[in-house]
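Below: the structure, in structure tokens.
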Number of protein chains: 2
Amino acid sequence: MVLNFKRESQHINISMLEEIEILKGFLRESKLRLTPQRQTILEVFLEYDGHAEVEDLFLIIQERDPTIGIATVYRTMNLLVECGLARENVLSQGQKSFEKLYHQSHHDHLICTQCNKIVEFEHPLIEKYQLEVCRAHGFTLRQHKMEIYGICIDCQK
Amino acid sequence: MVLNFKRESQHINISMLEEIEILKGFLRESKLRLTPQRQTILEVFLEYDGHAEVEDLFLIIQERDPTIGIATVYRTMNLLVECGLARENVLSQGQKSFEKLYHQSHHDHLICTQCNKIVEFEHPLIEKYQLEVCRAHGFTLRQHKMEIYGICIDCQK
DNA sequence: TAATTAATAATAATGGTTCTCAATTTTAAA
DNA sequence: TTTAAAATTGAGAACCATTATTATTAATTA
């Protein structure tokens with residue numbers, strides 16, 4: 001992949017270039033444009049560690065460019081989901097949170113019901129048996145989500 | 001368990017008696033009351049097959065007792081979740097759906113992303129490795145949710 | 001350049017859920 | 001009983017995350 005990107009934003013680092021290219025490609029195919037707003041939002045999202053809610057991202061984005069409205073953040077996050085860079089999770093209170101998908105190792109979630117901490121894990125055998133279940137039911141697997149709810153070690157004390 | 005229940009509603013059948021006792025017990029402990037409204041809502045929920053949204057339940061409830069308001073349905077469904085008779089799922093559009101928990105064999109979900117069909121399945125080894133993951137991270141397992149998204153056999157044609 | 005198309009910020013609208021409140025019912029106490 | 005306290009209700013208002021609308025601006029194309 002050729003990455004000839006004008007490094008006009010001080011926030012872009014090497015590891016983001018590929019993601020920016022992915023968004024660019026997706027936008028081009030959809031006859032959409034990579035605007036400064038969209039790029040800023042992608043950058044902030046990529047820098048954000050963990051599961052991001054729109055409100056969290058919006059606060060950071062406003063520091064960087066106070067003219068960007070929250071509707072644009074929503075619109076752009078939906079684009080990031082469409083092009084496969086982000087995944088949307090629905091929280092129990094009704095909002096959504098977004099996590100990075102590209103260049104992230106696949107993982108599932110352990111969620112503490114007391115302190116809401118999220119621990120990511122991976123188990124190859126669980127993955128394997130998921131495939132088995134899909135085959136048995138004639139499903140073509142696209143994605144999965146596994147959430148284990150419990151009490152974390154800190155909250156047990 | 002002693003089940004001496006006045007069978008005043010024609011909708012109660014034997015298999016519901018235990019659930020009604022569970023709700024009763026929970027309400028008693030919480031110093032709350034088993035009202036006719038709450039019982040009607042529980043009955044309709046227990047008769048409902050599959051994942052129920054409040055709006056679905058409300059339509060059926062209104063046929064049975066048009067005076068029951070939707071706020072009461074919401075309040076009661078939250079009670080059913082608290083006492084362990086129901087589980088709440090958050091749908092991607094933001095609403096909630098409820099599924100029965102008591103006397104239901106545990107199962108996970110295969111969800112078709114085209115037609116939204118939900119197929120329930122169970123895999124003992126997946127359960128086993130979940131426990132293993134919890135132990136490894138010091139979590140006390142309370143509950144889990146596994147959703148596999150894909151294209152069902154009918155939608156592949 | 002002009003014409004077309006896309007994107008934006010601000011704001012209004014949406015819709016599922018919860019809250020408020022006055023009225024009613026149930027329970028417990030006197 | 002009678003009375004007081006507590007719980008529950010339906011109706012509708014409020015909430016709030018998200019989406020749609022709109023007038024305006026920016027980018028692209030002819």
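Within region A:13-33, the set of residues being open to solvent by 50 Å² or more (accessible area, probe 1.4 Å) and either in contact with a helix residue (DSSP H, G or I) (Cβ under 7 Å, 6 or more places away or on another chain) or under 13 Å from residue A:77 (Cβ atoms) (or both) comprises just one member, A:33.
Yes/no per residue for (1) in contact with an Asp or Glu (Cβ under 9 Å, 6 or more places away or on another chain); (2) assigned by TED's automatic domain parsing to the domain that holds residue A:28:
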{"site": "A:55", "(1), (2)": "no, yes"}
{"site": "A:63", "(1), (2)": "no, yes"}
{"site": "A:75", "(1), (2)": "no, yes"}
{"site": "A:114", "(1), (2)": "yes, no"}
{"site": "A:122", "(1), (2)": "yes, no"}
{"site": "A:135", "(1), (2)": "no, no"}
{"site": "A:141", "(1), (2)": "no, no"}
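Looking across region B:15-52, the residues that are away from DNA strand D (no atom under 11 Å from the Cβ) and either within 14 Å of chain A (Cβ to nearest Cβ) or of a type in the set (Val, Ile, Thr) (or both) come down to B:20, B:22, B:44. Summed over region B:46-69, residues that are within 11 Å of the chain's Cα centre (by Cα) and aromatic (Phe, Trp, Tyr) total 1. Picking from A:90, A:133, A:81, which residue would you name as being within 7 Å of another protein chain (Cβ to nearest Cβ), within 21 Å of residue B:112 (Cα to Cα) and under 14 Å from the mean Cα position of the chain (by Cα)? Answer to the selection: A:90. When residue B:156 is tested against (1) surrounded by 14 or more Cβ atoms within 10 Å (Cβ to Cβ); (2) at pLDDT below 90; (3) within 7 Å of chain A (Cβ to nearest Cβ), only condition (1) is not met.
Count of region A:53-81 residues, restricted to those that are more than 8 Å from DNA strand D (Cβ to nearest atom), over 12 Å from residue A:39 (Cα atoms) and hydroxyl-bearing (Ser, Thr, Tyr), is 1.
Only one of these is more than 13 Å from the chain's Cα centre (by Cα), among the β-branched types (Val, Ile, Thr) and within 22 Å of residue A:111 (Cα to Cα): B:140, B:72. Name it. Steps first, please.
On the way: B:72 fails: within 22 Å of residue A:111 (Cα to Cα).
Checking each option against the conditions leaves just B:140.
The values are calculated or read from the model by the stated rules, or taken from the named source; none is laboratory data. Computed from a predicted model, the values in this text were never measured in an experiment. All Cβ positions, glycine included, derive from the backbone under ideal geometry; neighbour counts span all protein chains shown. We work out accessible area using only protein heavy atoms, side chains counted, and drop any ligands, DNA or RNA first. Shrake-Rupley method; radii C 1.70, N 1.55, O 1.52, S 1.80 Å.
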